[in-house]
Amino acid sequence: GSVKPLNLLFTAKATAMGGGRVTVGAAGWDAETGEVDHGAPWRTVIDLADPMRSYNVVGPGQSGHVLSRWYHDQVGDWTTGQYHTTSIVPAIYRSAGNELKLIPE
């Protein structure tokens, strides 16, 4: 996106975001404009009480193909701290009552 005129195709529109270099939503910014210009592209949260489910966001989006509708589909969620639930357990096992207990020794 740094090569003109390709920036018109590859660069997402500017989106406001709170935070700073030492926050959960850590991101860097352009000192001249104050706009966020980089940050962790994938953030995930895992509750150790339920490790089979996690909460994820991929910025700018799920696809690396610029013509895909998912190319920039998570920018809004990434900038506002919203996450998508991901489960690694097939739906048929989610209600079976199985549970993993982690017991310290």
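Mind listing just one residue for me: the one in the range 40-54 that is out of contact with any Ser or Thr (no Cβ under 9 Å at 6 or more places or on another chain) and surrounded by 13 or more Cβ atoms within 10 Å (Cβ to Cβ) and, of those, modelled with the lowest pLDDT?
Step by step, filter the range 40-54, then rank; the result is ALA40.
Here's a check for you: in the range 21-39, which residue that is among the charged types (D, E, K, R) and part of a loop (DSSP other than H, G, I, E, B) is least open to solvent (accessible area, probe 1.4 Å)?
ASP30
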Being modelled with pLDDT of 85 or more, more than 21 Å from GLY28 (Cα to Cα) and part of a loop (DSSP other than H, G, I, E, B) is the filter here, so list the residues in the range 72-105 that pass it. ILE103, PRO104
Give me the pairs: first residue in the range 51-72 and in contact (Cβ under 8 Å) with a residue 24 or more places away in the chain, second residue basic (Lys, Arg) and surrounded by 15 or more Cβ atoms within 10 Å (Cβ to Cβ), beta-carbon distance under 8 Å, and six or more apart or on different chains, which are they? ASN56/ARG43; VAL57/ARG43
Restricting attention to the range 54-71, which residues are among the aliphatic types (A, V, I, L, M) and part of a loop (DSSP other than H, G, I, E, B)? VAL66, LEU67
Restricted to the range 68-90 and to residues being among the β-branched types (Val, Ile, Thr) and open to solvent by less than 80 Å² (accessible area, probe 1.4 Å), the residue farthest from the chain's Cα centre (by Cα) is VAL89
In the range 7-20, anything open to solvent by 90 Å² or more (accessible area, probe 1.4 Å) and either touching a Cys at 6+ places or on another chain (Cβ under 8 Å) or over 28 Å from THR85 (Cβ atoms) (or both) is listed as LEU8
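The values are calculated or read from the model by the stated rules, or taken from the named source; none is laboratory data. The structure presented is a predicted model; accordingly, all values stated were derived computationally and were not measured. All Cβ positions, glycine included, derive from the backbone under ideal geometry; neighbour counts span all protein chains shown. What goes into the accessible areas is simple: the full protein's heavy atoms, side chains included, and nothing from ligands, DNA or RNA. Shrake-Rupley method; radii C 1.70, N 1.55, O 1.52, S 1.80 Å.
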